[in-house]
Every structure is written in structure tokens, then in C-alpha cells.
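Working notes, structure below.
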Amino acid sequence: MYIVERSLTVVQGLLKRYGPSKIKKILWDQEFSGTHWDFIDNTVGDCVYTHLEKHLKHGSILDLGCGPGNTANELPATAYTTYVGVDISEAALAKATKRTKENGRADKNSFTCSDFLDYRPSQRFDVILFRESMYHVPLGEVKPILAHFSKYLKNEGVFIVRMNTLGPNGQPKSRLTAAVGIMEAEFDVVEKSQYGPTGPTVIVFRPKRAAREGIGQYSESQTCGATRA
């Protein structure tokens with residue numbers, strides 16, 4: 001039974017990454033309509049928020065793969081002026097919209113149902129966030145996707161990527177480590193923080209053409225919140 005369940009999980013993961021948008025939408029809607037992702041409903045205090053507050057500077061944020069609206073509702077309201085969340089799952093966005101209304105942020109937060117790999121923003125942003133969503137970008141598409149969204153960053157804007165690049169024993173995950181390598185090679189890294197020996201990595205970077213003098217120092221911390229992967 002374990003082998004069957006494991007095989008099904010692997011197949012679903014591949015479909016979420018490589019499948020057509022219609023299939024991906026069905027899979028994500030099924031999971032968010034149930035209890036599969038209930039464990040991430042509260043990620044207050046997550047390590048990514050410190051990085052977001054630092055680089056937003058009360059500006060605008062595009063959250064690609066926003067899920068049920070954690071960032072939109074847990075990030076301090078004073079940290080930003082405009083938030084746009086994009087997710088392929090209508091079920092996830094229904095939760096995000098409900099939370100936004102309950103928290104009185106309807107004037108700041110907006111959501112769009114789309115496969116973020118195909119999304120075309122209508123404005124430029126101070127921060128473009130991939131919070132766990134980079135898991136679902138094929139390795140060969142990492143550079144093209146980042147190049148595409150670079151056009152929608154403001155001159156001093158940054159990408160922020162949060163994901164677990166290490167396994168439970170601290171060993172690097174080859175595909176995710178390779179994705180970070182692309183970011184480091186093709187962009188100017190501002191910050192890179194590893195949270196604990198097996199925790200998530202947060203990397204902040206910008207297109208080389210918009211680089212400022214000086215690159216921030218790498219930092220480390222000990223704790224971080226739950227992961228959507």
C-alpha cells in the first residue's frame with residue numbers, strides 16, 4: 001500500500017510541475033477543497049516575513065502561487081500598500097479572499113486565478129515572491145520564468161524565493177539546489193539565509209541590470225514555519 005501511495009504522490013507531483021494547466025487546476029482544487037493543506041493555515045512568524053518587510057519598504061508585492069492567502073493576511077498590513085496574489089486553485093483563492101475580508105484588507109489585497117507560469121502582470125512590483133511555488137517550476141524553466149518576471153520588477157525591486165533545499169538529514173536536494181545555482185549565476189544575490197540545518201532557504205536577488213553597489217551579507221537563523229511542498 002505504501003508503494004502505491006508513494007507512486008501516486010510522485011505522479012501527482014510531476015503533473016503539478018509538467019502537466020497542462022487544466023490538470024494542475026483539478027489537482028490543486030481537490031487538495032484545497034479538502035483538509036490536505038490545513039496544516040499551513042497558520043504560518044505567523046515564518047522566516048520569510050522578515051525578508052519581505054525589509055525589501056517591501058511599504059511598497060507592492062506579487063505573490064506567485066499564493067495558496068490560501070497566508071502572506072496576504074499574515075504579513076503586517078503596514079509593510080505594504082498593494083498585494084496581488086496568483087494561484088491556479090479557485091478553492092485556495094476562495095479561502096484567501098475570505099480571510100482578506102475578515103481581516104479588513106480588501107482594499108489592499110487582490111487575487112487572480114491563473115497558472116502563474118503563464119501569468120502576465122499589469123503593473124510593476126517592489127517584490128515578487130515565490131513562497132514554496134518554485135518547487136513547481138521545471139528546472140529548465142527557472143531561468144526563463146525569472147527573466148519573464150524581471151520585466152515586472154521596479155528598478156530596485158527584488159525576487160524573494162523561499163523553499164526547502166535540504167532533505168531531513170541535511171542532504172541537498174539536487175533539483176532545488178540546481179535551481180538556486182541558476183539564481184546565483186544569473187542574478188545578483190542580495191541575501192541568502194539558511195534557517196537551521198534542515199530548514200528552509202530564503203534567497204533574495206535582483207536582475208543584474210538593476211544591481212546596486214554592494215551585496216548584502218549572508219545570514220543565518222534557527223527557526224522557521226511550516227512548508228508547502
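Some points to look at:
- When residues in the stretch 67-93 are screened for being among the aliphatic types (A, V, I, L, M), surrounded by fewer than 24 Cβ atoms within 10 Å (Cβ to Cβ) and touching a residue at least 40 places away in the same chain (Cβ under 8 Å), 2 of them pass.
- Residue 131 vs. criteria over 24 Å from residue 49 (Cβ atoms), out of contact with any Cys (no Cβ under 6 Å at 6 or more places or on another chain) and of a type in the set (Lys, Arg): no
- Of the set (1) at negative phi; (2) at pLDDT below 95; (3) not aromatic (Phe, Trp, Tyr), all apply to residue 184 but (2).
- So residue 107, is it within 24 Å of residue 157 (Cα to Cα), outside any helix (DSSP H, G or I) and within 17 Å of the chain's Cα centre (by Cα): no
- Lone qualifier among 155, 169 - being more than 15 Å from the chain's Cα centre (by Cα), in contact (Cβ under 8 Å) with a residue 24 or more places away in the chain, in a strand (DSSP E or B) and surrounded by fewer than 18 Cβ atoms within 10 Å (Cβ to Cβ): 155
- Test: residue in the stretch 122-140 that is assigned to a helix (DSSP H, G or I), closer than 21 Å to residue 191 by Cβ, touching an Asp or Glu at 6+ places or on another chain (Cβ under 6 Å) and not hydrophobic (A, V, I, L, M, F, W, C): no
- Check on residue 16, surrounded by 10 or more Cβ atoms within 10 Å (Cβ to Cβ), modelled with pLDDT under 80, within 16 Å of the chain's Cα centre (by Cα) and not polar (S, T, N, Q): yes
- The set of residues in the stretch 23-74 that are farther than 23 Å from residue 151 by Cα and among the basic types (Lys, Arg) comprises 24, 25.
- Pairing each residue of the stretch 24-46 that is surrounded by 11 or more Cβ atoms within 10 Å (Cβ to Cβ) with any residue that is among the charged types (D, E, K, R) and part of a loop (DSSP other than H, G, I, E, B), provided the two are 6+ apart or on different chains, yields C-beta distances under 7 Å for 24/115; 37/228; 40/228.
The values are calculated or read from the model by the stated rules, or taken from the named source; none is laboratory data. Remember, it's a predicted structure, so these values are computed and weren't measured experimentally. All Cβ positions, glycine included, derive from the backbone under ideal geometry; neighbour counts span all protein chains shown.
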